[in-house]
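Novice: This is the structure I want to talk about, given as structure tokens.
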Amino acid sequence: MQNRPARPTWRHVAIDGPVASGKSTVARLLAIDLGATFLDTGALYRAVAYLALCARADPNDDATVLRLLAAHPPAVKAGPQPLQYSIAVDGQTLDRQLFTPSVSRAVSAVAAMPEVRHRLIGVQRAFAAERDVVMAGRDIGSVVLPNADFKFFLTASLDARVQRRLRELVQQGIDIDAAALREEIKGRDDRDAGRALSPLVKAPEALEIDTSAMSVGEVVQTLSAIVRKNSE
Ligand code: DC
């Protein structure tokens, strides 16, 4: 008898893209559609920025950020729904507090620190090692899961991304000036793409999709059709 793997290999879908390109929303819905789990890797980096802000530390201070990260490592925690995962620190689930403008302003600095990336990439790979997953981030196809079965790179014009993020923030009751948000998004894009270690980059084999004129449903349908067609 031939040796067979104990179970089929896990299916990994990588979705990368710039700030507010819709990747997290699309990845979450695509995961539901495919019966896979979803992980928003940006939330892990945000958790580290949040730790620094809670400690009133400078998010650019490597030594302090690393000390905080070692003392309070962010973990991926199951729930609240089946196939859903959230980020917890010291057992406490972090959710909306990760998406405030102050965390958004602080996060690029911690995400550029090699030791922070090293640790969080370990968390992401360990998570993916045991499940079908749709993972959203900046370096999933290029660094975290270079052997992902499917790699997508979502883009959208800066105007479209500003409008999307504004709507999200308004829904959360967060009031922010559109011009300031535009500067923040552009600044974060530049820092994410310009950092030395695993910058925001499209993996050469990733399929790039400009979602500026597409609804979330259309993007999910497009990606789902590609995954299903090529999984048969
Ligand atoms: O996707 P997001 O905007 O929530 O991500 C927050 C920050 O985390 C983003 O500015 C860059 C960083 N990040 C990263 O460096 N690598 C990832 N895989 C995901 C996010």
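The values are calculated or read from the model by the stated rules, or taken from the named source; none is laboratory data. In this text the structure is predicted, and so the values were computed from the model without any measurement. All Cβ positions, glycine included, derive from the backbone under ideal geometry; neighbour counts span all protein chains shown. Quick note on the areas: whole protein, heavy atoms, side chains included, nothing else; ligands and nucleic acids left out. Shrake-Rupley method; radii C 1.70, N 1.55, O 1.52, S 1.80 Å.
Novice: Out of Leu30, Leu69, Leu53, any idea which swings most in a Gaussian network model of the chain, alpha carbons joined below 10 Å?
Specialist: Answer for the Gaussian network model of the chain: Leu53.
Novice: In terms of the Cα gyration tensor, with a ≥ b ≥ c the square roots of its eigenvalues, is segment 1-124 rounded because a/c is under 1.5, prolate because a/b exceeds b/c, or oblate?
Specialist: It is prolate, given that a/c is not under 1.5 and a/b is the larger ratio.
Novice: Run the reach check for Lys77 against aspartates and glutamates, Cα to Cα strictly under 19 Å, same-chain hits fewer than 8 apart removed. What comes back?
Specialist: List returned: Asp40, Asp90, Asp95, Glu130, Asp132.
Novice: For the chain, which whole percent of the accessible surface, found with a 1.4 angstrom probe, sits on carbon and sulfur atoms?
Specialist: Heavy-atom surface of the chain belonging to carbon and sulfur, 1.4 Å probe: 53 percent.
Novice: How much accessible area per residue does segment 101-232 have, counting only protein heavy atoms and a probe of 1.4 Å, in square angstrom?
Specialist: 49 Å²
Novice: So who's got an amide H within less than 5 Å of the one on Phe38, skipping anything under 5 residues away but keeping other chains? H placed 1.01 Å off N, in plane.
Specialist: Tyr85, Val134
Novice: Can you tell which of Arg138, Arg117, Arg46 shows the greatest fluctuation in a Gaussian network model of the chain with Cα springs below 10 Å?
Specialist: Ranking Arg138, Arg117, Arg46 by mean-square fluctuation puts Arg117 first.
Novice: In straight Cα distance, which lysines are under 30 Å from Lys186, not counting same-chain residues fewer than 8 positions off?
Specialist: Answer for Lys186, where 30 Å is the Cα cut-off: Lys23, Lys151, Lys202, listed by chain and number.
Novice: To continue, here is another question. Quickly estimate the mean residue ellipticity at 222 nm for the chain, helices only: each DSSP H run with n ≥ 4 gives -39500 (n - 2.57), and the total goes over all residues, rounded to 500.
Specialist: For the chain, the value works out to -14500 deg cm²/dmol.
Novice: Only bridges whose two residues both fall in the chain count here: according to DSSP, what percent of them are antiparallel, nearest 5?
Specialist: Just about 30 percent of them are antiparallel.
Novice: OK, next. Compare the Cα positions of Val220, Gln124, Val162 along the charge dipole of segment 110-232 (+1 at Cβ of Lys, Arg; -1 at Cβ of Asp, Glu; about the Cα centre) and return the one farthest towards the positive end.
Specialist: Ranked along the dipole, the leading option is Gln124.
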